[in-house]
Amino acid sequence: MNTKVAGFSKLSKADKIKWLVTNYFNNESQAEETLKMYWHSDQKLQQLHDEFSENTISNYYLPFSIAPNFLINGLLHTIPMTIEESSVVAAASKAAKFWLDRGGFKAEVISMTKVGQVHFMFKGATEKLQQFFKQHKDALITAAKDITQNMEKRGGGITDIQLVDKTDDIPNYYQLHCTFGTADAMGANFINSCLERFASHILEVANTYTHFSEAEKEIEIVMSILSNYVPDCLVRAYVSCPIEQLPTTDQLSAQQYAEKFVRAVQIATIEPYRAVTHNKGIMNGIDAVVLATGNDFRAIEAGAHAYAAREGQYKSLTTATIENDLFTFSIEIPLALGTVGGLTSLHPLVKLALQVLGKPNAKKLMEITAVAGLAQNFAAINSLITTGIQQGHMKMHLMNIMNQLEANTEEKKQLIEFFKSNTVTHSHVVNELERLRN
Ligand code: MEV
């Protein structure tokens, strides 16, 4: 039964739970128990988690894993990954191990520019607005000085503001297209605060600008917001080795493996249906690091997919080439990540994750995260062009099936042994468990 409720956020946590279980569950005490089962016994820690969001009634756990053996720019890294999909960390670790013996991963940040826009309506002559902007551009930057001064000390700040005429698309619509450096912060709050300051400053000075008519003074600010499309906050990572060092199978020589691999990436470049899945696999690795390090995975996802479609067609974020018997596999992806601010100094596991990574700056975290995406894609394509994806997936999924069937420790041990040489399917596990129990 759906029940309307007023003033819900003001209720105590206990009353919120009471409202939920009485309205949505027949077995109220069981529902309440499930929610409370995940409460932390340390009340201070629980309160910290409660205060991350609104109306929190429990904690939602995700596995926190580590993938060791990542050689990146000559240094070994262990990468923390937060993800529920069973095969992702195994695949990352496998790829890390493979490239460890072949020179490892190389990564470099190409640019770190962030973007924000003030969207507004101006009913008047474009030239007059351009003149107004020219005269007030510096003052706009000065108007945000109290917000920018700390960021400037850390090497960031406002890098430019452009007036953009969008009236061909929507009558009277203009933008302030602003670019920022945000040092080691993701910078969303910084950017949005600057933008809102620009917006209020524009209204203020337009009102007293003598060259504007009364109608022109009536500028309407539609919204001021950062953009999660950050094509100039870009990182590249790659692996490379002589073809002869690539894997071989019964069916494929190293040369054939390289060619098949390149073909698989080409398919993801020209075929959007494949590209989306291909990039989803990349994001398995990226999101896991983004989550473990307390960053905003929705922002990263949105920006990455927009970048994949920047040429008008959705394409692979990775590229594979063979040149002079050298196989190279690379990724280029926008990643607006932060290592200060947000959850980074609040969430104990995020702090731990950053420590495992050697307390990286934003640039380094961009490199590590891009590598995790590339490794994930390498592992996926490797499986797809050789054994198929299900062999590895189902091996890892076996634990989920066994848990669903409530197998005990001894049964699990025997099933794992059995499925080392047998194909995992749900029904096969059911039958085998039944056989064991009988
Ligand atoms: C599954 O989560 C990801 C893959 O489908 C990626 C891919 O097909 O490249 C295995």
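Tell me, please, whether a residue that is crowded, with 19+ Cβ neighbours inside 10 Å and not in a helix (DSSP H, G or I) can be found in the stretch 83-97.
Yes, the conditions are met somewhere in the stretch 83-97.
May I ask you to verify whether ILE416 is at pLDDT below 95 and touching a Leu at 6+ places or on another chain (Cβ under 9 Å)? Reasoning before the result, please.
Numbers: at pLDDT below 95: yes; touching a Leu at 6+ places or on another chain (Cβ under 9 Å): yes.
The answer is yes for ILE416.
Quick one: THR126 ticks every box in (1) out of contact with any Asp or Glu (no Cβ under 6 Å at 6 or more places or on another chain); (2) loosely packed, with under 15 Cβ neighbours inside 10 Å except a single one, so which number is it?
Looking at each condition in turn, THR126 falls short on (1).
Looking only at residues in the stretch 354-368 that are in a helix (DSSP H, G or I) and farther than 14 Å from PRO334 by Cα, which one is most open to solvent (accessible area, probe 1.4 Å)? Don't jump to the end; show me each part of the working.
Going residue by residue through the stretch 354-368, those that are in a helix (DSSP H, G or I) are 354-356, 362-368.
Filter once more, keeping what is farther than 14 Å from PRO334 by Cα: 354-356.
On the way: LEU354: 14, GLN355: 118, VAL356: 65 Å².
It comes out as GLN355.
So for the stretch 385-395 (the condition being touching a strand residue (DSSP E or B) at 6+ places or on another chain (Cβ under 9 Å) and touching a residue at least 40 places away in the same chain (Cβ under 8 Å)), does at least one residue qualify? Reasoning before the result, please.
Within the stretch 385-395, the first condition is being touching a strand residue (DSSP E or B) at 6+ places or on another chain (Cβ under 9 Å), and the residues that meet it are none.
No, every residue in the stretch 385-395 fails to be touching a strand residue (DSSP E or B) at 6+ places or on another chain (Cβ under 9 Å) and touching a residue at least 40 places away in the same chain (Cβ under 8 Å).
Being within 21 Å of ARG102 (Cα to Cα) and either among the acidic types (Asp, Glu) or over 24 Å from the mean Cα position of the chain (by Cα) (or both) narrows it down to one residue among GLU301, GLU259; which is it? Full working, then the answer.
Numbers: GLU301 fails: within 21 Å of ARG102 (Cα to Cα).
Sole residue among the options that is within 21 Å of ARG102 (Cα to Cα) and either among the acidic types (Asp, Glu) or over 24 Å from the mean Cα position of the chain (by Cα) (or both): GLU259.
For the stretch 137-147, what are the residues that are part of a helix (DSSP H, G or I) and either within 15 Å of VAL164 (Cβ to Cβ) or in contact with a Phe, Trp or Tyr (Cβ under 8 Å, 6 or more places away or on another chain) (or both)?
Here is the first cut: in the stretch 137-147, the ones part of a helix (DSSP H, G or I) are 137-143, 145-147.
LYS137, LEU140, ALA143, ILE147, listed by residue number.
Confirm whether ALA407 is open to solvent by less than 60 Å² (accessible area, probe 1.4 Å) and either within 16 Å of the ligand (Cβ to nearest atom) or closer than 29 Å to GLN255 by Cα (or both). Give the steps one after another, and end with the answer.
Working: open to solvent by less than 60 Å² (accessible area, probe 1.4 Å): yes; either within 16 Å of the ligand (Cβ to nearest atom) or closer than 29 Å to GLN255 by Cα (or both): no.
So ALA407 fails the test.
Could you please tell me which pairs satisfy a Cβ distance under 8 Å, a separation of 6+ or placement on different chains, a first residue in the stretch 191-215 that is in contact (Cβ under 8 Å) with a residue 40 or more places away in the chain and closer than 22 Å to LEU226 by Cβ, and a second residue that is surrounded by fewer than 17 Cβ atoms within 10 Å (Cβ to Cβ) and of a type in the set (Gly, Ala, Ser)?
Matching pairs, first to second residue: HIS201/ALA139.
Across the stretch 288-341, which residue is most open to solvent (accessible area, probe 1.4 Å) among those that are among the basic types (Lys, Arg) and assigned to a loop (DSSP other than H, G, I, E, B)? Walk me through it before giving the result.
Of all residues in the stretch 288-341, those among the basic types (Lys, Arg) come to 298, 310, 315.
Of the ones still in play, those that are also assigned to a loop (DSSP other than H, G, I, E, B) are 310, 315.
On the way: ARG310: 112, LYS315: 55 Å².
Among residues in the stretch 288-341 that are among the basic types (Lys, Arg) and assigned to a loop (DSSP other than H, G, I, E, B), the one most open to solvent (accessible area, probe 1.4 Å) is ARG310.
Exactly one of these conditions fails for MET394: (1) more than 16 Å from the ligand (Cβ to nearest atom); (2) assigned to a helix (DSSP H, G or I); (3) hydrophobic (A, V, I, L, M, F, W, C). Give me its number.
Evaluating MET394 over (1) more than 16 Å from the ligand (Cβ to nearest atom); (2) assigned to a helix (DSSP H, G or I); (3) hydrophobic (A, V, I, L, M, F, W, C) leaves (1) as the failure.
Of everything in the stretch 415-427, what is more than 21 Å from ALA91 (Cα to Cα) and buried (at least 16 other Cβ atoms within 10 Å of the Cβ)? Give them in sequence order.
Within the stretch 415-427, the subset more than 21 Å from ALA91 (Cα to Cα) is 415, 418, 426-427.
Within the stretch 415-427, LEU415, PHE418 qualify.
What number of residues within the stretch 56-99 are more than 30 Å from LYS10 (Cβ to Cβ) and touching a strand residue (DSSP E or B) at 6+ places or on another chain (Cβ under 8 Å)?
At the first step, the residues of the stretch 56-99 found to be more than 30 Å from LYS10 (Cβ to Cβ) are 63-99.
Filter again for touching a strand residue (DSSP E or B) at 6+ places or on another chain (Cβ under 8 Å), leaving 63-73, 76-83, 88-89, 92-93, 96-97, 99.
Selection size over the stretch 56-99: 26.
Please go through the stretch 334-364 and give me each residue that is under 15 Å from the mean Cα position of the chain (by Cα), among the hydrophobic types (A, V, I, L, M, F, W, C) and under 10 Å from ALA185 (Cα atoms), ordered by number.
Passing the criteria: ALA336, LEU337, ALA362.
If you check ALA188, ALA206, ALA199, ALA258, which single one turns out to be touching a Lys or Arg at 6+ places or on another chain (Cβ under 8 Å), crowded, with 18+ Cβ neighbours inside 10 Å and at pLDDT 95 or above? Talk me through it step by step, then tell me what you get.
Working: ALA188 fails: touching a Lys or Arg at 6+ places or on another chain (Cβ under 8 Å); ALA199 fails: touching a Lys or Arg at 6+ places or on another chain (Cβ under 8 Å); ALA258 fails: touching a Lys or Arg at 6+ places or on another chain (Cβ under 8 Å).
Within the list ALA188, ALA206, ALA199, ALA258, the selection yields ALA206.
As an exercise: evaluate THR386 against (1) away from the ligand (no atom under 12 Å from the Cβ); (2) open to solvent by 80 Å² or more (accessible area, probe 1.4 Å) and give the number of the one condition it does not meet.
(2)
The values are calculated or read from the model by the stated rules, or taken from the named source; none is laboratory data. Worth saying up front: this structure is predicted, and the values here are computed from it rather than measured. With ideal geometry, Cβ positions are generated from the backbone for all residues, glycine too; neighbour counts draw on all protein chains shown. To get the accessible areas, we keep the full protein, side chains included, count just its heavy atoms, and leave off ligands, DNA and RNA. Shrake-Rupley method; radii C 1.70, N 1.55, O 1.52, S 1.80 Å.
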